[in-house]
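*Asks:* My structure is below; once you've seen it, I'll send some questions.
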Amino acid sequence: MAAKYELKLGAATREAFGKALVELGKADENVVVCDADLSKSTFTHLFGKEFPNRFFSCGIAEANMVSIGAGLASSGKIAFVASFSAFVLNKGFEQLRVNVAYSGIPLKVVGTHSGISIGEDGPSQMSVEDISLACSLAGFTVISPADEVAMFSLVKQAAYHPGAVFIRAGRVKVPVIYGPDQKFEIGKGIQLTEGTDLTLISTGLMVAECLKAAEKLEAEGVSTRVIDLHTIKPIDRDIIAKAAAETGCIVVAEEHLVDSGLGVRVAQVVTETNPCVMEFHGVNNTYAESGLPEEVLEKYKMTAADVAVTARKALARKKG
Amino acid sequence: MTRTSDLSELQSIARTVRRDIIEMIGAAKSGHPGGSLSAVEILVTLYFDVMKHDPANPAWPLRDRFILSKGHAAPVLYSVMAETGYTPKDQLNTLRRIGSIYQGHPDRRFIPALEASTGSLGVGLSLGLGMAEAAKLDKSPSRTYVVLGDGEIQEGQIWEAAMYAGFHKIDNIVAILDNNRIQLDGWVKDIMGLDPLPEKWASFGWHVIEVDGHDIVALQAAFAEAEATKGKPSILIAHTVKGKGVSFMENNPKYHGVAPTKEEVELALKEIG
Ligand SMILES: Cc1ncc(C[n+]2csc(CCOP(=O)(O)OP(=O)(O)O)c2C)c(N)n1
Ligand SMILES: [Mg+2]
């Protein structure tokens, strides 16, 4: 089943974000963007070039940027603020909590360079806690697209979503999973492969790794279901409950601290619906290090082979 | 380690450090050459002449503290730490490789002699204030030196720290502003201008010393003036050139975070001499 995905390398999700912003800006004069001296890295410079009067350069001052964005959004603008995930969330958290979440302001917050796959710059720029932080903002919608197609579509939807949204984007080029006609709906996960023995649930760049892991497992005779939860909050309870009931075994894989990310949120749904065997694959209570992205991903066990190891462990427990 | 106040020796060390920076970043194929090169004379003057420290005993309680708040300039710090004997010189070219002690940004987990893990801009001055306050409590002569980027001081926390230091008259801390006028996306004046800089710091209660950040003798005098200034924190506003010493990198925003190619490395090394 998983073999039907070619997984040709596409663009980085941050680039798709930047392109979607330009389209939004062309279609709607109400769209505005704030940047904190990372416009070339977050690809907001594309918007800035096209619409300089709707592009607010805030300097290296993320907390200020978040509150300025909130002010723009509360004055009827469709406002995006973007920086590295680590900086916009960590430096801007109080502002996101008070000026955005608590105040019910529909700001769109985009964090690029998420996870550990940024590579060489190392842990100070990596973000292994952003899902946790964003999900702990009451009322926020949290989106984490797996490829350029998903990102492009979901950014455009997020712009007109009634509430506040956080979108998680990556630095490195990632494989294309979706065809151009794929429909995405905020809050609805996507089942990528059928399977009855095991379900791999993932988000962001780990979705492609799960598809590759599924191919390995299928070759071993394990019927493997793969689900992309591009929306982490609100979480798609139905797709999770169904997978738990039908496969009785779930592994969640994420490029995030394992004890506070997607996995624990899936587990909450599983325990409330159809309790089953679960295993959690992610970054274990540590900060990673510098290196080439693929080396860092390998050392910190974020590859298909590593996911397959965790899956076999889960399957062994399921068999009892 | 070699300690020296001699100008020609310090200049020669600065040349070596510039070469190290180019070679390291060239080998890594990623990193931040511009802001490393602009801070060379500042760090060389501090580590070889001004600061009291002992690479053989990095935990010496009375040592002066150094924080590279603009952590992306790690290569200049790594070179100076290697040249003074804290860390192995022969590993400098493992910069940014997996497992290397020379991480993309200074990382205390890999080099315990570092006073701070930095890379998230805006926090170093406050951290230095804590160290300076601790030295006062301990009646230690230890002084704290913090290197800031000019883009970096757009962070609000810098001004919270500035206000604290001025109000509490923290005179055992010295901030050094690497005023190279360029940040990541371009010129500071186009992104979020800082003028008038000396007046801003003075109004927060700081003793301001403007200095040519590439003139070692002027830097020596400025650090001496800072040390002699009591009852006030001091800041050196060091006028520098981003990419200093490599013609095609000088004043060129492109080389904030772009590594030189193999050919550019050769060209740069030839120019540095
Ligand atoms: C909090 C934070 N925001 C953004 C960045 C990304 N960043 C790295 S270097 C840099 C520009 C720094 O400019 P400046 O302080 O002038 O440094 P220099 O010119 O000395 O290299 C930026 C925005 C960061 N490291 N930390
Ligand atoms: Mg600068």
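Please treat every number below as a calculation from the coordinates, not as lab data. All values reported here derive from a predicted model rather than from experimental measurement. All Cβ positions, even for glycine, are placed from backbone atoms using ideal geometry, and neighbour counts span all protein chains on display.
*Asks:* For the range B:1-135, what relative contact order do you get, as a whole percent, if you take Cα pairs closer than 8 Å and at least 6 residues apart?
*Replies:* Relative contact order comes out at 26 percent.
*Asks:* When DSSP assigns beta bridges and you keep just the ones with both residues in chain A, what percent turn out antiparallel, to the nearest 5?
*Replies:* Rounded to the nearest five, the antiparallel share is 20 percent.
*Asks:* Determine the dipole magnitude for the protein assembly as shown: charges of +1 sit on the beta-carbon of Lys and Arg, -1 on that of Asp and Glu, nothing else is charged, the reference point is the Cα centre, and the result goes in debye to the nearest 20. Numbers along the way, then the final one.
*Replies:* Numbers: 60 positive and 72 negative charges, 164 e Å.
Computed about the Cα centre, the dipole is about 780 debye.
*Asks:* For chain B, modelled as a Gaussian network with Cα springs under 10 Å, which listed residue fluctuates most, B:137, B:194, B:121?
*Replies:* B:137
*Asks:* Return a whole-number percent for the relative contact order of the range A:8-176, with Cα pairs under 8 Å and 6 or more residues apart as the contact set.
*Replies:* Taking the mean separation of contacting Cα pairs over the length of the range A:8-176, I get 30 percent.
*Asks:* For the range B:220-253, which trypsin sites (Lys or Arg not before Pro) pass both filters: DSSP loop (anything but H, G, I, E, B) and at most 14 other C-beta atoms within 10 Å?
*Replies:* Numbers: sites: B:230, B:242, B:244; in loops: B:230, B:242, B:244.
Loop-located and lightly packed - B:230.
*Asks:* Among B:26, B:186, B:34, which one moves the most in a GNM of chain B with springs linking Cα atoms closer than 10 Å?
*Replies:* B:186
*Asks:* Give the angle, between 0 and 90 degrees and rounded to the nearest 10, that separates the Cα long axis of helix A:148-159 from the longest principal axis of the Cα atoms of chain A.
*Replies:* It is inclined by approximately 50 degrees.
*Asks:* Among B:96-102, B:65-71, what's the highest-first ranking by average C-beta atoms within 10 angstrom per residue?
*Replies:* B:65-71, B:96-102
*Asks:* Further question: Given B:200/B:230; A:233/B:189; A:19/B:189; A:233/A:313; A:40/A:77; B:200/B:244, which pairs have Cα atoms separated by over 30 Å?
*Replies:* Listed pairs above 30 Å: A:233/B:189.
*Asks:* Okay, next question. Return the whole-Å distance between the Cα centroid of the range B:192-263 and the Cα centroid of the range A:33-96.
*Replies:* Going from one Cα centre to the other spans 28 Å.
*Asks:* Averaged across B:28-34, how many Cβ atoms of other chains sit within 10 Å of each residue's Cβ atom?
*Replies:* Average per residue, whole number: 2.
*Asks:* Roughly how tilted is helix A:237-247, in degrees to the nearest 10 and between 0 and 90, from the longest Cα axis of chain A?
*Replies:* Result, in degrees: 20.
*Asks:* Right, here's the next one. Based only on other Cβ atoms within 10 Å, what is the fewest-to-most ordering of A:255, A:6, B:210?
*Replies:* Result, fewest neighbours first: A:6, B:210, A:255.
*Asks:* Once you order the gyration tensor axes a ≥ b ≥ c over the Cα atoms, which shape class does the range A:8-176 get: rounded for a/c under 1.5, otherwise prolate or oblate by comparing a/b with b/c? Write out the running numbers ahead of the final one.
*Replies:* Values: a/c = 1.39, a/b = 1.13, b/c = 1.23.
Because its axes are fairly even, with a/c under 1.5, the range A:8-176 counts as rounded.
*Asks:* On to the next question. When DSSP beta bridges are limited to those with both residues in the protein assembly as shown, what percentage is antiparallel, rounded to the nearest 5?
*Replies:* Values: 9 of 66 bridges.
For the protein assembly as shown, the DSSP antiparallel bridge percentage is about 15.
*Asks:* Mean-square fluctuation check for chain B, GNM, Cα pairs under 10 Å: which of B:119, B:243, B:31 is largest?
*Replies:* Evaluated over chain B, the most mobile residue of the options is B:119.
*Asks:* Residue by residue through A:30-36, how many Cβ atoms from other chains fall within 10 Å of the Cβ on average?
*Replies:* Mean number of neighbouring Cβ atoms from other chains: 1.
*Asks:* For Cα pairs less than 8 Å apart in space and 6+ apart in sequence, what is the mean separation divided by the residue count of chain A, i.e. the relative contact order in percent?
*Replies:* Once normalised by length, the contact order is 18 percent.
*Asks:* Moving on. Compute, for chain A, the length of the dipole vector about the Cα centre, with Cβ point charges of +1 (Lys, Arg) and -1 (Asp, Glu) only. Units Debye, rounded to 20. Can you show the working numbers first?
*Replies:* Details: 32 positive and 38 negative charges, 86 e Å.
Here the size comes out at about 420 debye.
*Asks:* Considering the dipole of chain B built from charges on the beta carbon (Lys and Arg +1, Asp and Glu -1) around the Cα centre, which of B:154, B:174, B:61 is farthest to its positive end?
*Replies:* The Cα lying farthest towards the positive end belongs to B:61.
*Asks:* Same structure, new question: Using Cα atoms only, what is the angle between the long axis of helix A:304-319 and the major principal axis of chain A, expressed in degrees (0 to 90) to the nearest 10?
*Replies:* On a 0 to 90 degree scale, this one is about 50.
*Asks:* For n ≥ 4 DSSP H runs only, could you compute -39500 (n - 2.57) per run for chain A, divide by its residues and tell me the 222 nm figure to the nearest 500?
*Replies:* Taken over chain A, the calculation gives -11500 deg cm²/dmol.
*Asks:* Please figure out what share of the DSSP beta bridges in the range A:67-169 is antiparallel and state it in percent, rounded to the nearest 5.
*Replies:* For the range A:67-169, the DSSP antiparallel bridge percentage is about 10.
*Asks:* Between the alpha-carbon centers of the range B:91-169 and the range A:111-134, tell me the distance in whole angstrom.
*Replies:* Value for the Cα centre distance between the two parts: 21 Å.
*Asks:* Would you tell me the mean number of C-beta atoms belonging to other protein chains that fall within 10 Å of each C-beta in B:174-185, as a whole number?
*Replies:* Taking all residues of B:174-185 together, the mean is 2.
*Asks:* OK, next. Using a 10 Å cut-off around each Cβ, can you sort B:47, A:300, A:287 from fewest to most neighbouring Cβ atoms?
*Replies:* On the way: B:47 25, A:300 22, A:287 17.
Least to most surrounded, the residues fall as A:287, A:300, B:47.
*Asks:* Okay, next question. If we count other beta carbons within 10 Å of each Cβ, what is the order of B:201, B:187, fewest first?
*Replies:* B:187, B:201
*Asks:* Next question. Which residues make up the longest stretch of chain A that has no trypsin sites (Lys or Arg not before Pro) in a DSSP loop with at most 14 other Cβ atoms within 10 Å?
*Replies:* In short, A:9-182.
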